[in-house]
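Below is one structure; the comments refer to it alone.
The values are calculated or read from the model by the stated rules, or taken from the named source; none is laboratory data. Quantities reported herein were computed from a predicted structural model and do not represent experimental measurements. Virtual Cβ from ideal backbone geometry, glycine too; neighbours counted across all protein chains shown.
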Amino acid sequence: MTVNIAGALSMAIFYLFILVVGIWAAKRAQKVERTYVGDRSEMVMIAGRKIGIILGILTTTATWVGGAYINGTAEMVYRPDAGLVWTVAPWTSLLCLFIGALFFAKKMRRQKYVTMLDPFQQRYGNYVASLVFIPAIIGEVFWSAAILAALGTTSSIILDLNKNASMVISACVAMIYTLLGGLYSVAYTDVVQLGCIFFGLWLCVPFTIQNQAVTSIKLTAVKEVYQKPWLGKIDKIFIGRWIDDLLLMVLGGIPWQAYFQRVLASSSPKSAQILSIAGAFGGCIMGIPSVLIGSVAASTDWNQTSYGAISPFEKGEAAMILPIVLRYLCPRYISIFGIGAISAAVMSSADSSLLSSSSMFTHNIYRKILRPKASEKEIMYVMKTTVLLVTVLATVLALFTHTIYGLYALSADIAYVILFPQLVCVLYVPHVNRLGFVTGVLVGALLRITGGEPLFHFPPVIHYPGGYFQDSYYVQTFPYKTCAMLSSLITTVVLSHISKIKWPESYITAFTLTGRPSEMRNTDLLYQ
């Protein structure tokens, strides 16, 4: 295998350009710091709440449009067992950020939180609230690993580069400018990266559609030519699963620190709402090229290409369909722009994840629990160290795991089942308390685990109605993830309400072993 020298060189130039922009943004941030009154760490985490509307819209969109988003959308449209109707990512991103704008962005920004975990710590206390830090940080690391792996796969196919080297280099570049300038560097490089994504993918689309091996996508949308129509269909038995996927992508996309970091960095609550709404449309639009590329792949006679007669799906390479299309259906010099687009998508999400992970640990765990009296210099040192550690951890996961899509799906599950219902409760249900919170988290996690996970061949313990056995594995068709999420929400609300009731003395006597009701007259004191 020989390396594509021109492609590798263009990729190196692109990385160098991004690094230069990041360094320039870091110097700009230093100038703003001199006039900023407040903690320097908050300047790094939320840019001193000085992110304007235009910059906020662009960085929000770029954060959403990651490598896994672009590759995964093309894959789902292409797959004969899925199709466009199962590709919920582009338009659910519109619904997700729109709902976030209406119900969460303005409310969070008005309270002047620094991270997504702040409302939990204010309500439940620093130690108990740290329970949600675990799923939040796991989701961010898994997400980073997934998008780094997407880049490694793409560069190995298009440029014949070693995919491990591509992942390491990309992670290092993103880490360097994140360390230098914090959110300012991340936001300004996001603008450049978003432009590269838009230009690179749209440049490739016409070449793929006009390739002689490709049949009209209008025809293959409804008629079987080389495989099933790429529009796809939803069988009645799978409606529950489709609803599960839909709600998971819409509501599970909200409780992410990477999203709220932009919201909380905006200059006003109104700006936070505007950038979220505009970012919703931006994220949806940016998914269109991937949809078209996926439909082109489903309309291709692969026997007319140098790829070979056996289709990518039959070879088990459906997950790599986007780079495969760029390589075999585009001129080589055009496909190079495609790898630039995917590299930009990866770094625009990777840097956001690195910064959000380090912000949560530094602000909510180190400063509020481990070292409340830590100096500003110490906080900055810890934050930079955390960025380094998260980079290493995500890169290692990307290098050594073979279930990257599984990690990505699992991170979405964690956000949907555990974090979303608790975020709703802490912002909109005044009477929730520690007992309801902890129990709700545990109930949601337990029901999700017992529902099984086919990606990891983990068999379900609970067989929900409507499922069926396939090769001795019970396939769930019931929306069990949504069931787990709602159970967590209901448990938190109901148990919190019950624990706050001032029960009559006779009731307390009957349900205590000691028979000393005076010690438990107000159960609310036990669970505040």
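General observations
- Residue match in region 221-238 (condition: within 30 Å of LEU354 (Cβ to Cβ) and hydroxyl-bearing (Ser, Thr, Tyr)): no
- Looking across region 359-379 at every residue that is over 11 Å from SER41 (Cα atoms) and free of Cβ contacts under 8 Å to residues at least 60 places away in the same chain, the one that is surrounded by the fewest Cβ atoms within 10 Å (Cβ to Cβ) is identified as LYS373.
- Only one entry of LEU455, LEU495 meets the criterion of being surrounded by 14 or more Cβ atoms within 10 Å (Cβ to Cβ) and either in contact with a helix residue (DSSP H, G or I) (Cβ under 6 Å, 6 or more places away or on another chain) or aliphatic (A, V, I, L, M) (or both), and that entry is LEU495.
- Residue satisfying all of: in region 210-228; within 17 Å of PRO80 (Cβ to Cβ) and of a type in the set (Ser, Thr, Tyr); surrounded by the fewest Cβ atoms within 10 Å (Cβ to Cβ) among these: THR215
- In the set VAL424, VAL396, VAL382, VAL390, only one residue is assigned to a helix (DSSP H, G or I), surrounded by 23 or more Cβ atoms within 10 Å (Cβ to Cβ) and outside the structural domain of LEU486 (by TED's automatic domain parsing); that residue is VAL390.
- Of VAL44, VAL65, VAL85, VAL77, all but one fail to be buried (at least 24 other Cβ atoms within 10 Å of the Cβ) and modelled with pLDDT of 90 or more; the exception is VAL77.
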